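Trainee: First the structure, which I've put down as structure tokens, then a few questions once you've had a look.
The values are calculated or read from the model by the stated rules, or taken from the named source; none is laboratory data. Remember, it's a predicted structure, so these values are computed and weren't measured experimentally. Virtual Cβ from ideal backbone geometry, glycine too; neighbours counted across all protein chains shown.
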Amino acid sequence: MTNETTHESANGTGRQRMPGKLKLAMGILVFQALSNGFLGYLIIDAVTGWGRTSNSGLLYFVGFLSIGIALVLLGCVLMAGTRQRWIRPTVIGIEVLGLIGGVINLFSGQVTAFVGIGLAIGVLSMFGRDDIREWFSE
């Protein structure tokens, strides 16, 4: 018997399918991870080329933090199929931080912050759905 949420395998055991909205959220997270990692690399590369300045320590921190966030997001995407409980709060925490950072950037005049805010709100709304909450609660 096959329906929308379960899939019968050849040996008769049922296995739930990943919700469609979760797959979309995972795609957004992959995009965020790749862009965070790339921007972190660019920041570190630029700071290394400049030599030591008064702000180089802070910029190195931001670059490595961006790469760290990218690695955590990729880990969450790769582990989503295992339905680990820690994935949902981790993603929500990172997205809330991204949302706060986007709002701060928006008030400092960076109009491109709308993209980050929109992606964060989209992922947060998808991770707040009951079917996704249930996916990570089993």
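Trainee: Kindly establish whether I69 is assigned to a helix (DSSP H, G or I) and under 29 Å from P19 (Cβ atoms).
Mentor: Yes.
Trainee: Suppose we keep only residues that are within 20 Å of G27 (Cβ to Cβ) and of a type in the set (G, A, S) within the stretch 96-138. Which one would you say is surrounded by the most Cβ atoms within 10 Å (Cβ to Cβ)?
Mentor: Among those that are within 20 Å of G27 (Cβ to Cβ) and of a type in the set (G, A, S), it is A120.
Trainee: For R52, are the conditions met, namely being under 30 Å from P19 (Cα atoms), assigned to a loop (DSSP other than H, G, I, E, B) and either out of contact with any Phe, Trp or Tyr (no Cβ under 8 Å at 6 or more places or on another chain) or not polar (S, T, N, Q) (or both)?
Mentor: The answer is no for R52.
Residues are listed down the side, and each one gets a yes or a no for (1) modelled with pLDDT under 95; (2) acidic (D, E); (3) surrounded by fewer than 18 Cβ atoms within 10 Å (Cβ to Cβ):
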| position | (1), (2), (3) |
| --- | --- |
| L71 | no, no, yes |
| C76 | no, no, no |
| T82 | yes, no, yes |
| R85 | yes, no, yes |
| V91 | no, no, no |
| I94 | no, no, no |
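Trainee: Considering each of L71, L78 in turn, give the residue that is of a type outside the set (K, R) and out of contact with any helix residue (DSSP H, G or I) (no Cβ under 8 Å at 6 or more places or on another chain).
Mentor: Testing whether each residue is of a type outside the set (K, R) and out of contact with any helix residue (DSSP H, G or I) (no Cβ under 8 Å at 6 or more places or on another chain) leaves just L78.
Trainee: Any idea which residue in the stretch 27-49 is nearest to M126 (Cα to Cα), counting only those that are within 10 Å of the chain's Cα centre (by Cα) and either outside any helix (DSSP H, G or I) or of a type in the set (G, A, S) (or both)?
Mentor: G27
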